Every structure is written in C-alpha cells, then in structure tokens.
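Below is one structure, written out as structure tokens; the observations come after it.
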Amino acid sequence: MQVFVRDNDVNSALRVLKKKMQRDGTFREMKRRRAYEKPSERRVREKTQAVRRHRKAMRKRLEREGY
C-alpha cells in the first residue's frame, strides 16, 4: 500500500493511509490476530462470513435482475 506525502503534509497522508487500511480490512485483520483463535472458532467465523457474502450477492442480483 502506498501513500504519497505532498508539501510535507504528513497529517493528511496519514489520514489517507488510515482510510485505505480501513477500506482494505487491515485493521480488522490486526484485531483478529491479536489473540489465538481456535480452529473451531475460525470455521464458524469463516462460515458466517461466507453466508454474509452470499446474502449480499443475492441482494445485488435481486436489484439487477429482479429475481
């Protein structure tokens, strides 16, 4: 990930970097990796994420195609 600092304005560059990291999911990933996650918890989390992705895709499909 790259952010350019213009006119020695580090604060705005930092704000842009944080926004990019937020959008990319880096903060969520760092928070998740802070503590050990049991394999069973990992499976449950991945399953719920897959369900959310599927529901979101179905909502988008419903909007586009109408069924």
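Taking (1) exposed (fewer than 10 other Cβ atoms within 10 Å of the Cβ); (2) touching a helix residue (DSSP H, G or I) at 6+ places or on another chain (Cβ under 9 Å); (3) assigned to a helix (DSSP H, G or I) in turn, MET1 satisfies each apart from (3).
If the condition is being of a type in the set (A, V, I, L, M, F, W, C) and not in a helix (DSSP H, G or I), then segment 10-52 contributes only ALA35.
FYI, it's all coordinate maths here, none of it is from the lab. Worth saying up front: this structure is predicted, and the values here are computed from it rather than measured. Positions of Cβ are generated from backbone atoms using ideal geometry, with glycine treated the same way; all protein chains shown enter the neighbour counts.
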